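The values are calculated or read from the model by the stated rules, or taken from the named source; none is laboratory data. Nothing here was measured: the structure is a model prediction, and the numbers come from that model. Here the Cβ positions follow ideal geometry from the backbone for every residue, glycine too, while neighbour counts run over all protein chains shown. These area figures cover heavy atoms from the full protein model, side chains too; ligands, DNA and RNA do not enter into them. Shrake-Rupley method; radii C 1.70, N 1.55, O 1.52, S 1.80 Å.
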Amino acid sequence: MLREDGAPDHGHPHPDPHPHPHGRLRPGGAGGTVTIEQKVLAKNDLLAERNRTWMSDRGVVAVNLMSSPGAGKTTLLERAVTDLGGRRPVAVVEGDQETRLDADRIRRTGCAVVQVNTGAGCHLDAEMMRDALTALSPAEGSLLMVENVGNLVCPALFDLGERSKVVIISVTEGTDKPLKYPYMFAAADLILINKSDLLPHVDFDVEQCERHARSVNPDVRVLTVSATTGEGLAHWYDWLAEQR
Ligand code: MG
Ligand code: ZN
């Protein structure tokens, strides 16, 4: 279900339209079984590849932002689209199970945005991304920021056709998250440790978190930032500028 500002909602709840892998993927191939989950992921990968081609033909670069709920994705985005909007065209895809609250926050900055509601689903997939691209029709050379559904599990498995994946963890969470959710942190091109302004008030060891992240993803870039004070954001913007 895709909502744009003013577009009518379907008005009825959807069951999860996309079965997806819960539990361990079983190997297919000779003597094995190709599971429904593998077929779902294979179909998703095909659509993601089409999205990737569609965007690269237009010089559009998508960045997929993933985190637990409450890590500060939307606040980081509000700040980024405001700070970067003058440098290059920026557009946003907001993923949430319900509501258009986050899209409303982005829209108030003047940035082009579309809200995707996943209903019972717990991640964005390539088909939703394709529909969002159609609705947004981002300008040539756009930076497209995608805020995935707050969840450190299955969003890691679903390629959207993005250029890169950013995983955000805030200092109010445990430093052991990279160990508990290794697939997500292993998939990251960049890890943002957010809410650094709260470090004096919480028991969060940035270096330990970084060590845990590197134990599953040795070469990952890690930046410490605060969307509130602006600390470290210039480094994040430099990194975004490199994603072409
Ligand atoms: Mg949000
Ligand atoms: Zn899911």
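Observations, loosely collected:
- Sole residue being closer than 21 Å to Met184 by Cβ, open to solvent by less than 20 Å² (accessible area, probe 1.4 Å) and part of a helix (DSSP H, G or I), chosen from Ala71, Ala48: Ala48
- Restricting segment 74-116 to residues that are of a type in the set (Gly, Ala, Ser) and not in a helix (DSSP H, G or I) leaves a set whose member that is surrounded by the most Cβ atoms within 10 Å (Cβ to Cβ) is Gly95.
- Residue in segment 140-150 that is more than 16 Å from ligand 1 (Cβ to nearest atom) and farther than 17 Å from Tyr237 by Cα present: yes
- Pairs are defined by a Cβ separation below 6 Å, a sequence spacing of at least 6 or placement on different chains, a first member in segment 97-118 that is free of Cβ contacts under 8 Å to residues at least 24 places away in the same chain, and a second member that is within 16 Å of ligand 2 (Cβ to nearest atom); the pairs so defined are Glu98/Asn117.
- Thr228 vs. criteria of a type outside the set (Lys, Arg), in contact with a Gly (Cβ under 9 Å, 6 or more places away or on another chain) and open to solvent by 80 Å² or more (accessible area, probe 1.4 Å): yes
- Contacts under 6 angstrom Cβ, first residue in segment 209-231 being free of Cβ contacts under 8 Å to residues at least 24 places away in the same chain, partner open to solvent by 20 Å² or more (accessible area, probe 1.4 Å), 6 or more apart: Glu210/Val222
- Restricting Glu78, Glu147, Glu140, Glu94 to those that are among the acidic types (Asp, Glu) and more than 27 Å from Val225 (Cα to Cα) reduces the list to Glu140.
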